[in-house]
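S.K.: Below is the structure I would like to discuss, written out as structure tokens.
The values are calculated or read from the model by the stated rules, or taken from the named source; none is laboratory data. The structure displayed is predicted, hence computed values, not measured ones. Neighbour counts run over all protein chains shown; Cβ positions are idealised from the backbone, glycine included. Accessible surface areas use protein heavy atoms only, side chains included; no ligands, DNA or RNA. Shrake-Rupley method; radii C 1.70, N 1.55, O 1.52, S 1.80 Å.
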Amino acid sequence: MADLYWVMFGAAVVVLAIVVGALVTAGIRFRERPGVQARQYHGNTLLELIWTIVPTLMVISFSVLSYQRLTLVNDVDSGAAMTVQAEGKQWVWGFQYPADAKFKLSDGTYLKAAEELHIPVGQKVKIELSSVDVIHSFYIPSLGGHKDAVPGRATAVWIQADRPGRYAGQCSEFCGTGHADMLITVVAQNPIDYAAWQDAAVKQANLFNDPAVAQGKQLFTSLACAGCHTIQGLSGGKVGPELTHLMSKKTPIGGVAGLDVNEANLVKWIGNAPSLKPGIVMPVFSNKVGGPLDDATILAIVKFLETLK
Ligand code: CUA
């Protein structure tokens, strides 16, 4: 599109130069001044033919060029290396990666993401658009493509990054209060980085399908944990600190110096917090029959906590 723009811009500059040049020249050379009388001209077949035929040819060639370019822009299918589904929703873009072995998760579904889309560099990626509520518009200016996501209608667009990097995009159809915050980031990576990201992303997503994590989550809500700790969307306890973003915290566990947030320390902490921070309200827990929590139970809870990023 930019190439086409520069062709049209170049032609427009030439036309501007000729018209303004002729106007200024005529104004100076043929103006009325002492000793010279301005003359009136009527009709000049050659000139009239030129300024009719030349612009007509120009407009026809621009139409042909635009049509060709439009065909290229609208051709979402030929040569597409992968297809990603993008769903607009007030106010976030959700991405569904293709049903390809490399994106397959342990529960049989395929990798999903929100807001950030990873694509391989130098490859055409088809984006199938949909919307669950109002009209949104998918737009990554430097990767080309700009298309509305309309509820009840399937639309598509394609993007391609020629260089690795992060490309900023934005919903570009006013869709309500959060419209300005409906950002998109496209990360284009070379094949090695892309494969590494793919593995890591699948592994991370599989964490949530890990039976230990599921069990840990169930234990967290069924044992005493949920009564004291808040995890957004899961529990609302107010006695202990909130755990929603536990793994992103830089402060050590319980504020105890040296007790960094990691698996081994979380296991120790849940097993016996008072031994690490004397006087703490968090007790040593017992199981249903009064004995100490077994290692497997504690580890499952920790596996679940480790998903809280
Ligand atoms: Cu979605 Cu604006």
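S.K.: What's the total number of residues in the stretch 146-159 that are in contact (Cβ under 8 Å) with a residue 24 or more places away in the chain, closer than 18 Å to Cys175 by Cβ and β-branched (Val, Ile, Thr)?
M.R.: Number satisfying all stated conditions: 2.
S.K.: Another question, then. Before we move on, is Lys217 under 25 Å from Asp294 (Cβ atoms), charged (D, E, K, R) and open to solvent by 50 Å² or more (accessible area, probe 1.4 Å)?
M.R.: yes
S.K.: Being more than 16 Å from the chain's Cα centre (by Cα) and open to solvent by 70 Å² or more (accessible area, probe 1.4 Å) is the filter; apply it to the stretch 84-105 and report the residue that is nearest to the ligand (Cβ to nearest atom).
M.R.: Looking at the filtered set, the residue picked out is Ala99.
S.K.: What residue, among those in the stretch 98-122 that are in a loop (DSSP other than H, G, I, E, B) and of a type outside the set (A, V, I, L, M), is nearest to Gly88 (Cα to Cα)?
M.R.: Glu115
S.K.: Are there any pairs, at least 6 apart or on different chains, whose C-beta atoms fall under 8 Å, with the first in the stretch 120-145 and open to solvent by 20 Å² or more (accessible area, probe 1.4 Å) and the second among the acidic types (Asp, Glu) and within 16 Å of the ligand (Cβ to nearest atom), and if so, which?
M.R.: Taking only residues 6 or more apart or on different chains, the pairs are Ser130/Glu87; Val132/Glu87; Ile135/Asp148; Ile135/Glu173.
S.K.: Within the stretch 188-210, is there a residue that is modelled with pLDDT under 90 and more than 29 Å from the chain's Cα centre (by Cα)?
M.R.: Within the stretch 188-210, not a single residue is modelled with pLDDT under 90 and more than 29 Å from the chain's Cα centre (by Cα).
S.K.: Taking Thr185 and the conditions (1) more than 14 Å from the chain's Cα centre (by Cα); (2) open to solvent by 30 Å² or more (accessible area, probe 1.4 Å); (3) among the hydroxyl-bearing types (Ser, Thr, Tyr), which numbered condition does it fall short on, given that it satisfies the others?
M.R.: (1)
S.K.: Out of all the residues in the stretch 243-254, which are of a type outside the set (D, E, K, R), more than 26 Å from the chain's Cα centre (by Cα) and assigned to a loop (DSSP other than H, G, I, E, B)?
M.R.: Leu243, Thr251, Pro252
S.K.: Then there's this: Being in contact (Cβ under 8 Å) with a residue 40 or more places away in the chain, out of contact with any Gly (no Cβ under 7 Å at 6 or more places or on another chain) and over 30 Å from Ile119 (Cβ atoms) narrows it down to one residue among Leu243, Leu308, Leu234; which is it?
M.R.: Leu243
S.K.: Follow-up question, since we're still on this one. Say whether the condition of being assigned to a helix (DSSP H, G or I), of a type in the set (Lys, Arg) and in contact with an Asp or Glu (Cβ under 8 Å, 6 or more places away or on another chain) is met by at least one residue in the stretch 295-304. Spell out the reasoning first.
M.R.: Pass one, the stretch 295-304, residues assigned to a helix (DSSP H, G or I): 295-304.
Next, from what is left, pick out any that are of a type in the set (Lys, Arg): 303.
Filter once more, keeping what is in contact with an Asp or Glu (Cβ under 8 Å, 6 or more places away or on another chain): 303.
Yes, the stretch 295-304 has at least one match.
S.K.: When you scan the stretch 235-266, how many residues do you find that are among the hydrophobic types (A, V, I, L, M, F, W, C) and buried (at least 16 other Cβ atoms within 10 Å of the Cβ)?
M.R.: 6
S.K.: Check Leu223 against each of (1) out of contact with any helix residue (DSSP H, G or I) (no Cβ under 7 Å at 6 or more places or on another chain); (2) free of Cβ contacts under 8 Å to residues at least 12 places away in the same chain and name the one condition it does not meet.
M.R.: The single condition Leu223 does not satisfy is (2).
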